[in-house]
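Undergrad: Mind looking over this structure? Questions follow.
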Amino acid sequence: MNWEPSMDPYELRESIGENLEETCQHGDKAFPCAGYRDHYRRGREGYPWHWHDEWEIAFVEQGQVRAQVNGEQHLLGPGEGIFINRRVLHAFSLEGDGEVWMPNLLFLPSLLYGSQESVFWEKYTKPLAFSTGCTHLALRQDVPWQREALAQAGRAYALLEEAAYGYELRVRSALSEVLVALAGHLPELPSQPSRNQAEIRRVRQMLTFIQGHCTQPLRVEDIAASVFISRRECMRAFQNVLGISPIQYVLQLRVRKAKELLLETGLSLGEICAACGFQGQSYFTKAFRERTGTTPGKFREGK
């Protein structure tokens, strides 16, 4: 059984490597598919930037989610979802107050095509897997074929959860229907801004540098120097790929870590300030309030 109801998907963050690849195995070699039910709430307000070799389909049951993919943002409400292609940088975050419940399917394309000598690879899988114009697609209920794709994704998740005899075949069948829908409408999908692969690689390298130096003082010049580009080029690359500036990303990372430490540890505010890389408690409080609307102390108290 590959679906584990006791598993906390939030813990999968620990498998995100320095290059932002999510390295944990989803399912196993015999059945490379897994389902998770993401739960975003206060203190656990999203899933950080990452990428993986699997295709991903997520759909919202409750609340609102902001999906960030390649410099684009998509607000998803109940009944809506998103397909994310392989090796594409993306992140999810809670939008507004309340909680989010979002089932999430991850599976290798090989689950559906078997052999690259098959028609399933050449006709359906390959065009989508190697599409430079379809890195992702927000799935809406008001588009009939997307509504059907969401229904099939929901069916696949339910089958994984039930894990009755023959569920592997039925999951594969449901996900194949999703593939047919996506591949069949690939020519008519709105073109997405092409991303220079060298630029994406540079951004990944800079994110790796930030991850390794987040608790230290960081300037845009330091981040740019890690991949031997100018400050201006660094700013442009971050805006193109992530939709934010390098310093905004650093502050997001530090504030997210601070929230976790505030709720899950007994560390003092000063200790958390230092552990998250803020240079001074007054700046910590200012940056935290700007991004959360409250102070670290009040956040810990639940006010």
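The values are calculated or read from the model by the stated rules, or taken from the named source; none is laboratory data. Everything numeric here is computed off the predicted structure, so don't read it as measured data. Positions of Cβ are generated from backbone atoms using ideal geometry, with glycine treated the same way; all protein chains shown enter the neighbour counts.
Undergrad: Identify, please: which residue in region 87-114 is of a type in the set (Gly, Ala, Ser) and either outside any loop (DSSP other than H, G, I, E, B) or more than 13 Å from Leu179 (Cβ to Cβ) (or both) and is, among those, nearest to the chain's Cα centre (by Cα)?
TA: Once the filter is applied, the top-ranked residue is Ala91.
Undergrad: Find all pairs meeting these conditions: Cβ atoms under 7 angstrom apart; at least six residues apart or on different chains; first residue within region 162-177 and in the same structural domain as Ser110 (by TED's automatic domain parsing); second residue crowded, with 17+ Cβ neighbours inside 10 Å and charged (D, E, K, R).
TA: Between residues of region 162-177 that are in the same structural domain as Ser110 (by TED's automatic domain parsing) and residues that are crowded, with 17+ Cβ neighbours inside 10 Å and charged (D, E, K, R), the close pairs are Ala174/Arg155.
Undergrad: Under 9 Å by Cβ, and 6 or more places apart or on different chains, what pairs join a residue from region 239-257 that is in the same structural domain as Ser93 (by TED's automatic domain parsing) and within 13 Å of Glu290 (Cα to Cα) with one that is surrounded by fewer than 18 Cβ atoms within 10 Å (Cβ to Cβ) and not polar (S, T, N, Q)?
TA: none
Undergrad: Something else: Could you tell me whether Phe228 is among the hydrophobic types (A, V, I, L, M, F, W, C), free of Cβ contacts under 8 Å to residues at least 24 places away in the same chain and loosely packed, with under 14 Cβ neighbours inside 10 Å?
TA: Judged against the criteria, Phe228 is a match.
Undergrad: Of the numbered conditions (1) modelled with pLDDT under 90; (2) within 22 Å of the chain's Cα centre (by Cα), Val250 satisfies every one except a single condition; which is it?
TA: The failed condition is (1).
Undergrad: If you don't mind, there's one more thing I want to ask. In region 206-216, which residues are touching a residue at least 60 places away in the same chain (Cβ under 8 Å), assigned to a helix (DSSP H, G or I) and out of contact with any Phe, Trp or Tyr (no Cβ under 9 Å at 6 or more places or on another chain)?
TA: Thr208, Gln211, Gly212
Undergrad: Quick one: is Leu169 farther than 30 Å from Ser245 by Cβ, of a type in the set (A, V, I, L, M), modelled with pLDDT of 95 or more and buried (at least 16 other Cβ atoms within 10 Å of the Cβ)?
TA: No: the conditions fail for Leu169.
Undergrad: Which condition number does Lys303 fail, the rest of (1) touching a Ser or Thr at 6+ places or on another chain (Cβ under 8 Å); (2) more than 27 Å from Asn70 (Cα to Cα); (3) outside any loop (DSSP other than H, G, I, E, B); (4) at pLDDT below 90 being met?
TA: Among (1) touching a Ser or Thr at 6+ places or on another chain (Cβ under 8 Å); (2) more than 27 Å from Asn70 (Cα to Cα); (3) outside any loop (DSSP other than H, G, I, E, B); (4) at pLDDT below 90, Lys303 violates only (3).
Rundown of residues vs (1) part of a loop (DSSP other than H, G, I, E, B); (2) outside the structural domain of Ile82 (by TED's automatic domain parsing); (3) small (Gly, Ala, Ser); (4) closer than 22 Å to Arg201 by Cβ, yes/no style:
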position	(1), (2), (3), (4)
Glu14	no, no, no, no
Lys29	yes, no, no, no
Asp53	yes, no, no, yes
Ile57	no, no, no, no
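Undergrad: May I ask you to say which residue of Ala91, Ala151, Ala138 is modelled with pLDDT of 95 or more, among the small types (Gly, Ala, Ser) and within 24 Å of Pro48 (Cα to Cα)?
TA: None of the others qualify; the one that does is Ala138.
Undergrad: Sticking with this structure for a sec: Could you tell me how many of the residues in region 96-114 are surrounded by 19 or more Cβ atoms within 10 Å (Cβ to Cβ) and closer than 30 Å to Gly293 by Cβ?
TA: Number satisfying all stated conditions: 4.
Undergrad: Right, another one. Kindly indicate whether any position in region 274-281 is buried (at least 17 other Cβ atoms within 10 Å of the Cβ) and either assigned by TED's automatic domain parsing to the domain that holds Arg87 or in contact with a Ser or Thr (Cβ under 6 Å, 6 or more places away or on another chain) (or both).
TA: Yes, region 274-281 has at least one match.
Undergrad: Among the residues of region 268-298, count how many are more than 27 Å from Gly212 (Cβ to Cβ) and touching a helix residue (DSSP H, G or I) at 6+ places or on another chain (Cβ under 7 Å).
TA: The total comes to 2.
Undergrad: Could you count how many residues in region 71-81 are surrounded by fewer than 23 Cβ atoms within 10 Å (Cβ to Cβ) and either in contact with a helix residue (DSSP H, G or I) (Cβ under 6 Å, 6 or more places away or on another chain) or part of a strand (DSSP E or B) (or both)?
TA: 5
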